[in-house]
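Read the structure below first, then the notes.
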Amino acid sequence: MVSPLKDQFPDTTEYATIGAAEVATTFGDLEAEYAAIRENVAKFDLSGAGLLEITGADAYDLLQMALARDLEFVTPEQSLSSLLLDADGKAIDVVVAYYAEEGFRLETSTGTGPATAAHLTALKDEQGLDAEVSVINDRLTIILVEGPQGAATLEETIEPDLGALPLSGLMEVEFAGADLLVSRSGFTGEYGYKIFVSVDDVAAVWNGLEIQAAGQTALEAAMFEIRQPVIHIEDTSASALANGYAWLIDITKEEFFGRDAVLEAFEAGGRADVVGYATSAPQEVGTPVSIGGTEVGTVVNSLYSPGRKDYVGLVRLREDLVAPHLNLTAAGGAQLTTLAAPYVLPVSWNRR
């Protein structure tokens, strides 16, 4: 899946493939892109996120069965973030659900659209539901705007009322000759707005937003700094509870796919066995870590944090050791210090 904005990007743009999507990782200056997220405002091409349309008489029942959080009390003016789980209670995807004119729209993680569509299709067939799951990235896409100045920028540029939009709220507006649906949501802890726009109009809207463009690398760093799941670098072979995703699951919901496994783990006292860490150099996935010469866990992932000027990631430890301020030694001698989330405090958290 190639971005409909690719011909708008500068020659300095670097690309990578994540799942089914080709994404712009940086437009040439990672530090400036990250600084825009945390200090000012940035725009992102989210065309790599899958957009699915779920229609049919049983569209609601399909999503209610698939989502680990409850869709029942979500209104057409709101969105809902949730996990999709497999039968063993392991994360398949982190998604956002929206009402649409004839059913529902589902936003997937970057690169997971086709796989998530296949999962939902298999689930509706298994349950005998009258629903249709379609990938609609050929006609609709997303521009994300995030940063402490996000609200003020969109108030001035697009619509004065956008600054008053509540978290998870939706508003229809017009800009650059295009009809837009704006969702007050994001990923980095800063003021975030997702702009749903037709593929035909996306270039005009992108160019009309005269703000710093930022790529996937800066976005994922800012996401990870507040422990927002970056699904393609997570260890999804572990259970959702072990990975610390409990906030994306409603254990009181009476029925959802994977609930039996989650409930069994929950009642057995299962909890997260991962914790963040910081260190001075990148770490290989699977690297053993030890305390006083005794191996106590392994590295799950590693990425550069422009906000900290060091490398951060997750380690999976014995449950009795999951805590901040521990000093770990990785095989090879690197020193890791465990962290409490957030690893970087978003500027917007201190603003009203």
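Data for the structure
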{"item": "For the chain, with +1 on Lys and Arg beta carbons and -1 on Asp and Glu, the positive-most of LEU85, GLY297, ASN207 along the dipole", "result": "GLY297"}
{"item": "The chain, relative contact order [Cα under 8 Å, separation at least 6], %", "result": "18"}
{"item": "Cα pair distances exceeding 17 angstrom across segment 69-202, given as percent", "result": "63"}
{"item": "Descending semi-axes in whole angstrom, ellipsoid equivalent of segment 11-70, from the Cα gyration tensor", "result": "35, 16, 9"}
{"item": "Inter-part distance where segment 125-187 and segment 336-351 are each reduced to a Cα centre, Å", "result": "26"}
{"item": "MRE, 222 nm, helices only [DSSP H, n ≥ 4, -39500 (n - 2.57), over the chain, to nearest 500]", "result": "-5500 deg cm²/dmol"}
{"item": "Candidate aspartates and glutamates for bridging to LYS309, where Cα separation is under 18 Å - those fewer than 8 sequence places away on the same chain excluded", "result": "ASP29, GLU31, GLU33, GLU39, GLU220, GLU225"}
{"item": "Distance between segment 193-222 and segment 260-334 - C-alpha centres, whole angstrom", "result": "33"}
{"item": "Measure of compaction for segment 228-278 (Cα Rg per 2.2 N^0.38 Å)", "result": "1.18"}
{"item": "All lysines inside 29 Å of LYS90 as judged from Cα atoms, apart from same-chain residues fewer than 8 positions distant", "result": "LYS124, LYS194, LYS253"}
{"item": "Segment 66-163: chymotrypsin sites (Phe, Trp or Tyr not before Pro) in DSSP loop, at most 15 other beta carbons within 10 Å", "result": "PHE73"}
{"item": "Square roots of five times the Cα gyration tensor eigenvalues for the chain, Å", "result": "32, 27, 17"}
{"item": "In Å, descending, principal axis extents of the Cα set of segment 210-352", "result": "52, 43, 27"}
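Every number here is computed from the coordinates shown, using simple stated rules; none is lab data. Predicted model only: the values in this text are computed from it and were never measured. With ideal geometry, Cβ positions are generated from the backbone for all residues, glycine too; neighbour counts draw on all protein chains shown.
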